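Data first, discussion second: the structure below is written as structure tokens.
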Amino acid sequence: MVGLILAAGISSRMKSKYPKVVHHLCGKPMIQWVLDAVSSVADKLCVVVGHQADLVKQVLPDGVQIAYQSEQLGTAHAVMSAKSFIDPNDEVLVVYGDMPLLSQETLREVVKAHRSGDYDVTVVSVEMDNPTGYGRIVKDSSGKFIKIVEEFDASQDEKRIKEINTGVYVFNGKKLLEVLPKISCENRKREYYLTDAVGLLEKVNVYRGMKSEEFSGINNRIQLAEAENIQRRRILEKLMLEGVTIVDPSTTYIDANVKIGRDTIVHPMTFIMGETVIGEDCVIGPMTRILNCVIENEVTVVRSECTGAHIMSGVSVGPFSRLREGTVLYSKVKIGNFVEVKNSKVGSNTKAQHLTYLGDSQIGEDVNIGAGTITCNFDGKKKNQTVIEDQVFIGSNTALVAPVKIKKGAFVAAGSTITQDVPEWSLAIARARQENKLNWVLKKRQKEEG
Ligand code: UD1
Ligand code: CA
């Protein structure tokens, strides 16, 4: 079976600078949703591109064939552009690239229905409460299929028909090749309609699909948002059935490729995005955004923002922490309030609990980073490394001017500005020595009142 996906159209109703099929739903381009569904029944995939072809090609995975439709003259013309991919001895599944809700199960049923008889084509129809915009399935009084008429060309009577053409077809390859050149553009849009191929063929099987929501074609941003909502609900339900607790599905947003282990609890107002993988028994949220992170087991992340971080087991993050690209937190690390970590490795059991910036640093195990510690990693030109070895204690409000190394077991006094390496097990104090002027206040007062 060849899977042919049409994605060359101009999609003017999206009012977008970008092609319709590259718009995302739950972190995945629209066309990728379609490819995932089609690849479950087709062994060869071909995408027809044309309008802004390069932008569409950018989001296509390897192994997908590409056909070019140089001018957008209609859906039949698009199929014609992929003629060399149509094998006369094979079946051809044609779907439009703007149907991201189509499921694998439904496509399997469609293929089964097509194979149940000797058909030239099986076209999938559904009943829509509001059929506006879709092509209508026109039948005679005995219920026999006559043709598909596009909304634009339909009479008042035809517009009342609620059975619509979904845009999913299985063709006999030979019959499709025969009928394509016979299609004309004698219609109000002057386009070559693929729907006319169905009208011209003899043995037509109209397969009535049940789940009408799966066949929504996305033509504008309202439909895009509606489809994303449906897709999101499906993702959450799948996770819940696999053993993830989602406290409030209506305020939880999880992308299609995210993986979450059993007995992890996701609290409200949480976004888990990209290629994130989360283990078991974690507590995520409330009010947290996680993008492209790997999180192991028994991790807590509360009210925080994490991007591109690797967080190992037993770590606690937040509230109000920010983990950026290249952060690696080893087991049982604690990152607390208003702490930002970037491109840094933080060893097991180390704590940075308050108001701290750790950038471009390598931090050992059992280190205590005091409140308000700042790694001064940028000298105005380039980024420099800070190394803090095991069991170091950094006093509060310390500035570590990189490149600098604090060796094992060293102790940095609060308020220090450290510009030189600190040897093992040593104390570093780098601040002005305190001077107490006895009774200074009283003496000043006496002088003023004097
Ligand atoms: C199409 C069907 C309509 C059906 C509806 C289902 C036709 C003529 N009409 O209408 O019967 O009810 O889908 O959603 O087929 N495309 C190309 N090249 C072109 C034109 C379109 O590749 O020259 C692609 C588009 O990128 C899109 C798909 O074909 O992915 C469908 O085109 P669109 O303009 O959305 O068709 P509809 O008007 O929705
Ligand atoms: Ca459409």
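The values are calculated or read from the model by the stated rules, or taken from the named source; none is laboratory data. Worth saying up front: this structure is predicted, and the values here are computed from it rather than measured. Backbone-built Cβ (ideal geometry, glycine too); neighbour counts: all protein chains shown. All accessible areas refer to the heavy atoms of the entire protein, side chains included, with ligands and DNA or RNA removed. Shrake-Rupley method; radii C 1.70, N 1.55, O 1.52, S 1.80 Å.
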ask   = Just a yes or no: is a residue in the range 202-218 among the aromatic types (Phe, Trp, Tyr), open to solvent by 40 Å² or more (accessible area, probe 1.4 Å) and more than 16 Å from ligand 1 (Cβ to nearest atom)?
value = no
remark   = Matching residues in the range 133-158 (open to solvent by 70 Å² or more (accessible area, probe 1.4 Å), more than 19 Å from Val206 (Cα to Cα) and either away from ligand 2 (no atom under 16 Å from the Cβ) or not in a helix (DSSP H, G or I) (or both)) number 2
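Listed here are the residues, each with its yes/no results for (1) modelled with pLDDT under 95; (2) buried (at least 17 other Cβ atoms within 10 Å of the Cβ); (3) part of a strand (DSSP E or B).
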| residue | (1), (2), (3) |
| --- | --- |
| Val341 | no, yes, yes |
| Ala371 | no, yes, no |
| Leu400 | no, yes, yes |
| Lys408 | no, no, no |
| Arg445 | no, no, no |
query = Taking the stated definitions as given, is Val59 within 15 Å of ligand 2 (Cβ to nearest atom), touching a residue at least 12 places away in the same chain (Cβ under 8 Å), closer than 26 Å to Thr106 by Cα and not small (Gly, Ala, Ser)?
reply = no
note = Taking the range 27-56 and the residues there that are part of a loop (DSSP other than H, G, I, E, B) and among the small types (Gly, Ala, Ser), the one that is surrounded by the fewest Cβ atoms within 10 Å (Cβ to Cβ) would be Ser40
inquiry  = If I filter the range 97-106 for residues that are more than 21 Å from the chain's Cα centre (by Cα) and more than 15 Å from ligand 1 (Cβ to nearest atom), do I get at least one hit?
reply    = yes
inquiry  = Cβ-Cβ distance below 7 Å, separation of 6 or more or different chains: which pairs start in the range 199-213 with a residue that is at pLDDT 90 or above and end on one that is among the basic types (Lys, Arg) and surrounded by 12 or more Cβ atoms within 10 Å (Cβ to Cβ)?
reply    = Gly199/Lys147; Leu201/Lys175
request  = Filter the range 219-248 for residues that are buried (at least 20 other Cβ atoms within 10 Å of the Cβ) and within 15 Å of ligand 1 (Cβ to nearest atom) and give the result.
outcome  = Leu224, Ala227
query = Where in the range 171-259 are the helices (runs of 4 or more DSSP H), entirely inside, with at least 2 residues that are within 16 Å of ligand 2 (Cβ to nearest atom) and within 28 Å of Arg289 (Cβ to Cβ)?
reply = 221-241
message = Just to be sure I understand, how many residues within the range 343-356 are crowded, with 20+ Cβ neighbours inside 10 Å and either in a strand (DSSP E or B) or within 29 Å of the chain's Cα centre (by Cα) (or both)?
response = 4
task = Only one of these is more than 9 Å from ligand 1 (Cβ to nearest atom), modelled with pLDDT of 95 or more, in the same structural domain as Leu201 (by TED's automatic domain parsing) and touching a helix residue (DSSP H, G or I) at 6+ places or on another chain (Cβ under 6 Å): Leu25, Leu35, Leu6. Name it.
result = Leu25
Every residue from the range 410-428 that is hydrophobic (A, V, I, L, M, F, W, C), over 20 Å from Ser344 (Cβ atoms) and either open to solvent by less than 100 Å² (accessible area, probe 1.4 Å) or in contact with a Leu (Cβ under 7 Å, 6 or more places away or on another chain) (or both) = Phe411, Ala413, Ala414, Ala428
